[in-house]
1. Pick out, from B:T288, B:T325, B:I167, the residue whose Cα sits farthest towards the positive end of the charge dipole of chain B, with +1 on the Cβ of Lys and Arg and -1 on the Cβ of Asp and Glu.
2. I'd like the orientation of helix A:149-163 relative to chain A: the angle between its Cα long axis and the longest Cα principal axis, in ° from 0 to 90, rounded to 10.
3. Only counting other Cβ atoms within 10 Å, I'd like A:I31, A:I210 sorted with the fewest neighbours first.
4. Take every Cα pair under 8 Å in region B:101-178 that's 6+ residues apart, average their separations, divide by the length, and report that relative contact order as a whole percent.
5. Using Cβ contacts closer than 10 Å as the measure, can you line up B:I376, B:I21 from fewest to most?
6. Hand me the GluC sites (Glu not before Pro) from region B:318-387 located in a DSSP loop with no more than 15 other Cβ atoms within 10 Å, in residue order please.
7. Net charge near B:A348: determine it from the other residues with C-beta under 14 Å of the C-beta of B:A348, scoring Lys and Arg +1 and Asp and Glu -1.
8. Show me the helices of chain B, taken as full DSSP H stretches, that run 15 Å or more along their long axis by Cα and average 0.0 or above in Kyte-Doolittle hydropathy.
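We did not get these values from a lab; they are worked out from the coordinates using the rules stated. This one's a predicted model, so the numbers in the text were calculated from it and none came from an experiment. Cβ placement follows ideal geometry from the backbone for every residue including glycine, while neighbour counts extend to all protein chains displayed.
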Amino acid sequence: MTPPEYTYPDGALAFPHRGLVGIAGLAPHEIWFLLDEAEQWVEMNRGAQKRRELLSGLTIINAFFENSTRTLLSFEIAGKRLGADVVNMAVANSSVKKGETLIDTAMTLNAMRADAIVIRHASSGAVALIAGKVDCPVLNAGDGQHEHPTQALLDALTIRQAKRAFNGLRVTICGDILHSRVARSNILCLASLGAEVRVCAPPALMPADIEQMGVKVFHDFDAALKGADVVMMLRLQLERMEGQFIPSPREYRHLYGLTLERLEKAESNALVMHPGPMNRGIEIDSNVADLVERSMITTQVEMGVAIRMACLDVLTRKGRKQEGWA
Amino acid sequence: MSLHAPLTITNGRLLLADGRIETGSIRCEAGFITAIGADVQAQDGDTVHDARRSLIAPGLVDIGVFAIDKPAFHFGGVTRAALMPDQNPPLDTPARVRFAAQSGKPDFWVHPLAAATQELGGTALAEIAMMRDAGARAVCTGRRWVGDSGTMLRLLQYTGMLGMTVITHAEDGGIVGNAVATSGEMATRLGLPSAPAQAEALAIARDIALAEMAGAAIHFRNVTTAAGLDLVRGAKARGLNVTAGVSPAYFMLSNLAIGAFRTFTHLSPALRCEDDRQAVIAAVADGTIDIVASGHDPRGPEDKRLPFADSAPGMAGAETLLPLTLSLVRDGVIDMARAFDLLAANPARLLGVNAGRLEVGAEADIAVVDTERPWIVNSDKMAASAGNTPFDRQPVQGRVLALFKGGVVVRTKKTAG
């Protein structure tokens, strides 16, 4: 049964946004709508016929100004399964000059008449900047430490499939919250859907005033795990462990590594999630990551393709003059 | 011997050096004020300017600007500005200082600030005495703080001996790092690199201690937090030669303004929280803040049309300096005399120049101001070389109707409001 705050109207009013720059600004029912839309693609992707010519003739450009393997691949597969012409513009960080070049690149993509542009960039706000300059829908595939909305949506879809409801669900997010756009989008998304969100990190990796985003702040991982229904581990970027934020990888694991023993503190059916790529043996032990019953890590990847298909479909409906959306 | 005829500005409300406002006229000869008051009359041969009951005030003296942007300064009523050493190349040798000191004359005077350290690197002292004799009016650490306490102590000992004030940027560099915002909910939501506001108080505490040790004068260019202002207040109470400045952005805006990643609000120091903004207003009122300055730093799209963290900090502030300061007068925070102390008399005193107040013998730098005239800031139509103002579309009051430098008119055009 769908709770009333998740019911959405028919047609374009269900998702009246031009692009997807972030979870901030989305109403709970709009998030729910995208999750519902994704279900059909989960279904289709599990079948033998994995292609529907919904977006045939449309050009989708994946402009990745920051290195990515899985997100880029996921968006590419999503576009192709919907029949679109997908072009990847992978720009290594080093070869792209910052500055006007970013806007100029956006204008160039715009002039090539892309029907949707997917952007990843190392600077917070870069995607919003580009979205304001181009005519087509823009999807944020991660901007700096700001947002990564499709990751939050695929995580929500993963949780919804396993747990059904979000109300009262306790989700613990542990790791480098400070530098994590995944954490920010997930906090906004899960809190908006009614979950109780806990964040856990040492003070140096915890952003100031994060409790204003409606989360409970923990520094003690064991306490944060108590009663948790979902445990979401974040990747620790190894270059941040040079003594500036964390004394060493093994010290980090000592306090914040998800071991089988630690997982015992959470609910007995708690889900284990990780946006990947994992540092096995640092933030998460292999025997936890590979728990067949509990680990959702590969399911997250699967949901990622479905969510991105839903986003590409919904955001191009206006351009495709779909009935009720044009 | 001036080539220009004597000037008499008649029929105005004179803002006198003692703070009184009196109807009358002011007469200038050979670049200096020679008579002021109710009974002053224009003589035969004088150039006469009718102020039409507007305020006759000293031209503004703006400490710590990054560019010589004459149209903007003239629009804003600024007749002198102290130029930051952060030029390309930096003002760290006597020749560059001498060149900069001449660069605005005759209608705008530039007072270069000597770089405290070579190439503003924060380690080796620059040739400060030679730069002083080449025209530098004070010493400045530039956009950055001198991180090494030993270097800062030796700098202050040296400037103390030379009788020069050190103007410093008050933010602990180790804490600030590459931050572009003040830590708090806004920076957290936007995912911007941020640093705690306490970085300012830390820097001020150290520098006050070092200045006291060295017996030197120190001026903090922007004091923007309650904790930093408390330290300045305490130092003043102990009789130390400590002064503080601020730009209007810090009493007008809080870090809420950085929402939507508006790079025109990317300033250095970063905008603070609302409590700090209120503390700045209180410090302007109680005298803790001595100087209000524009920090004029025009930046074009190549520096500003970027993701927030990649953009350059700074705002074009010369045109809005006076009207935004006058908003404090309208709000009853300060009176008109105090406004011009903050904008002209105090900065002139810090620089040791004979200007910034209307009295016989002072240089005739005069602004005729309609303090009530309303207008709307428009970043597309600024006099400045770039329109990077966080006050775009904001209605303000107060406009300079005429500006005189050394008794010679530089601007009288009555622009449409």
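1. B:T325
2. So the inclination is approximately 60 degrees.
3. A:I210, A:I31
4. It rounds to 28 percent for region B:101-178.
5. Ranked by crowding around the Cβ, least crowded first: B:I376, B:I21.
6. Listed in order of number, the matching sites are B:E359.
7. Details: positive: B:R80, B:R137, B:R349, B:R357, B:K405; negative: B:D62, B:D290, B:D341, B:E359, B:E363, B:D365.
Result for the neighbourhood of B:A348: -1.
8. Values: long enough: B:149-162 (20 Å, 0.48); B:198-214 (24 Å, 0.74); B:226-237 (16 Å, 0.53); B:274-286 (18 Å, -0.15).
Span-like helices here: B:149-162, B:198-214, B:226-237.
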